[in-house]
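Notes to accompany the following structure.
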Amino acid sequence: MRSDEWLNAKLEEVWQVLMPDVEKLNKVSVVFKGNWKTKFGHIKKMKDGSTQIVVNGLFRNEVVPDYIILTTIAHELIHYMHGFHSPYPKRFRYPHQGGIVDKELKARGFGVLLKLEKDWVKNSWVEVISSLKGNAYASYTQDSSRRLFCF
Ligand SMILES: [Zn+2]
């Protein structure tokens, strides 16, 4: 099973590759949490001013490929860069308006990962998530969260 330490190391790696030009203005950490059937993760500003990225706790299991976690982290970091749940000024009114996240990811060379992710979601998500989850329930949160069916 993957650990939160592993996850934080990936955060640093993804940051360096995805957006070395974007300065880290506050403390940013990432944790595995929840076990969602319809969500990959979300980003949240904490009371102490730090930013926390949450990745679906089901993704601890190695049956979920690394690239699913990397794209989830990358997606949330684009929100950070756009000023959602970060100290940066908000650049857009809504976090997903006009496909801004995927556009930015593609512009920064993450298009291949997005394609892999899309294929995995299409072909494997339901089976994998069902096998990892005993009790099926869906969890819904605020608009900056990432939903399975928002692609
Ligand atoms: Zn999002």
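The values are calculated or read from the model by the stated rules, or taken from the named source; none is laboratory data. This structure is a prediction, so every number in the text was calculated from the model and none was measured. Every residue, glycine as well, gets a Cβ built from its backbone with ideal geometry; the counts of neighbours run over all protein chains shown.
What to note about this one:
- Taking first residues from region 126-139 that are modelled with pLDDT of 50 or more and partners that are in a loop (DSSP other than H, G, I, E, B) and not β-branched (Val, Ile, Thr), the Cβ contacts under 8 Å between residues at least 6 apart in sequence or on separate chains come to Ile129/Lys37; Ser130/Ala136; Leu132/Asn35; Leu132/Asn61; Lys133/Asn35; Lys133/Lys37.
- Leading residue by the ranking (surrounded by the most Cβ atoms within 10 Å (Cβ to Cβ)) among those in region 76-86 that are touching a strand residue (DSSP E or B) at 6+ places or on another chain (Cβ under 9 Å) and part of a loop (DSSP other than H, G, I, E, B): Phe84
- Positions within region 87-108 being away from the ligand (no atom under 13 Å from the Cβ) and either in contact (Cβ under 8 Å) with a residue 40 or more places away in the chain or assigned to a loop (DSSP other than H, G, I, E, B) (or both), in sequence order: Pro87, Tyr88, Pro89, Lys90, Arg91, Arg93, Arg108
- Of everything in region 39-70 that is away from the ligand (no atom under 16 Å from the Cβ) and among the hydroxyl-bearing types (Ser, Thr, Tyr), the residue that is nearest to Val128 (Cα to Cα) is Tyr67.
- Meets criteria (outside any helix (DSSP H, G or I), of a type in the set (A, V, I, L, M) and either within 12 Å of the ligand (Cβ to nearest atom) or buried (at least 18 other Cβ atoms within 10 Å of the Cβ) (or both)) for Ile73: no
- Within region 1-67, strands (runs of 3 or more DSSP E) holding 3 or more residues that are over 27 Å from Ala107 (Cβ atoms): 28-33
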